[in-house]
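Bear in mind that the values in this text are calculations on the coordinates, not laboratory data. Nothing here was measured: the structure is a model prediction, and the numbers come from that model. Note that we place each Cβ from the backbone using ideal geometry, even for glycine, and neighbour counts take in every protein chain shown.
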Amino acid sequence: MRTVLSALSVLLAVVLTAAAVPSLWIERNVVNEDGFVRLLAPLNRDADFQAALGKSLTATAVSASGVPAPLRPAATELAEKTLEGLTSDPAFPSAWESTLRESHRLNFSPATASTSAFTLELRPLADVVLDRLGAGLGVGFSDAPSITVPVGNAQQRAALTFAQDAAALALPLSAGAVLALLLGLLFARRRGTALAWAGGGLLVVAGLLGAGTFLMASVAGSQGSQGSVAGVFAQRAGQLLADAFGPWIVGVAAVGAVFLVVGLVLGARQRRRPAPQ
């Protein structure tokens, strides 16, 4: 009976770990606003994304600026030129951070979240474009209106909502995994064997998480129209998520390997121990 309870507890610990690790990562790096900003901050140095962003902002900013019709061709040409140096503008880093923060609030607030797609709010970047455009034309423009770009589809939006709900269970899942492992070792007649099985299970979990991450990045890489803001954002964001989650997978594999080796060593010692007379 103890062996059965130990095996079930170890299996439960492995299953809970498989759910707890991605949930905890999502809670810290996606649902948390600061983590979200840190995760996607490197996009402000991505040449392909900036090129796609520039094309979108040029047309949108000029049309939203209220430039008189006779000046629009000149404004469009000037906007295209000014956007070439947009990323070197001193206001760009803070505008990109504001873009990420406003996008996060837009998507993770129940009152404003879209049910059909993830939405990028580009208004802060459009403000920088209008400031540069106004300086070039010698006129002043009012603040840009809300400029949103949908990314992905309804199924992916539903998956994001599910991930957000799962993130709320990150700490209970983590605590449950630790408790189940401790119970598994407590019930085990041969604790070394139980620990080795737990380590093997964690290695399997690491492999599954790695495969899932690769699949997610591949799916994200095929999203959207080639060269569009939505498409390039989905591609780059998917790769950033995969790269950021990679160390967590390595951590799970490392813990699993340690458990496996220690368990095998303890098991071997227990088997060599002479039986009591």
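Hey, for a label at S228 modelled as a point 7 Å past Cα toward Cβ, could you say which residues of the range 111-134 have their backbone N under 17 Å away?
From the range 111-134, the list is 115-122.
Taking amide H positions as placed 1.01 Å from N in the peptide plane, with prolines and chain starts having none, which residues 5 or more places from L120, or on another chain, fall under 5 Å of its amide H?
HN-HN under 5 Å from L120: V149, V151.
Classify the range 146-277: rounded, prolate or oblate, from the alpha-carbon gyration tensor (a ≥ b ≥ c, eigenvalue square roots; a/c under 1.5 rounded; otherwise prolate if a/b is larger than b/c)?
Since a/c reaches 1.5 and a/b is larger than b/c, the shape of the range 146-277 is classed as prolate.
Apply the Karplus curve 6.51 cos²θ - 1.76 cosθ + 1.60, θ = phi - 60°, to the phi angles in the range 113-127 and return the couplings in whole Hz, x for Gly and Pro.
Taking θ as phi minus 60°, the curve returns 5, 6, 9, 10, 5, 6, 10, 8, 9, 9, 4, x, 5, 5, 4 Hz for the range 113-127.
Let me check against my output: what whole-number percent is the relative contact order of the range 90-162, with C-alpha pairs under 8 Å and at least 6 apart?
Values: 83 pairs, mean separation 25.2, N = 73.
Normalised by residue count, the contact order of the range 90-162 is 35 percent.
So how compact is the range 88-205: Cα radius of gyration and Dmax in angstrom?
Taking only Cα atoms of the range 88-205, I get Rg and Dmax of 24.2, 82 Å.
What FRET efficiency comes out for the pair V265/N153, r = Cβ-Cβ distance, R0 = 45 Å, nearest 0.05? Before the final figure, lay out the partial values.
Working: r = 50 Å, r/R0 = 1.12.
The value I calculate is 0.35.
Once fully extended, how much extra length lies between A168 and D34, figured as 0.36 nm per residue of separation less the alpha-carbon to alpha-carbon distance?
That works out to 46.6 nm of additional length.
Fewest Cβ neighbours within 10 Å first, please rank V31, V128 accordingly.
Fewest to most other Cβ atoms nearby, the residues stand as V31, V128.
Quick one: Karplus J couplings for the range 167-182, per residue in order, coefficients 6.51, -1.76, 1.60, θ = phi - 60°, nearest Hz, x for Gly and Pro?
4, 5, 9, 4, 5, x, 5, 5, 5, x, 5, 5, 5, 5, 5, 4
Using 0.36 nm per residue of separation minus the Cα-Cα distance, give me the extension gain between A41 and V4 in nm, one decimal.
8.5 nm
So what are the ³J(HN,Hα) numbers for the range 229-236, from phi and the Karplus equation (6.51, -1.76, 1.60; θ = phi - 60°), rounded to whole Hz, Gly and Pro as x?
4, 4, x, 5, 4, 4, 5, 5
Long-range amide H contacts for A144: which residues qualify at under 5 Å (H placed 1.01 Å from N, peptide plane, sequence gap of 5 or more or a different chain)?
For A144, the qualifying residues are D127.
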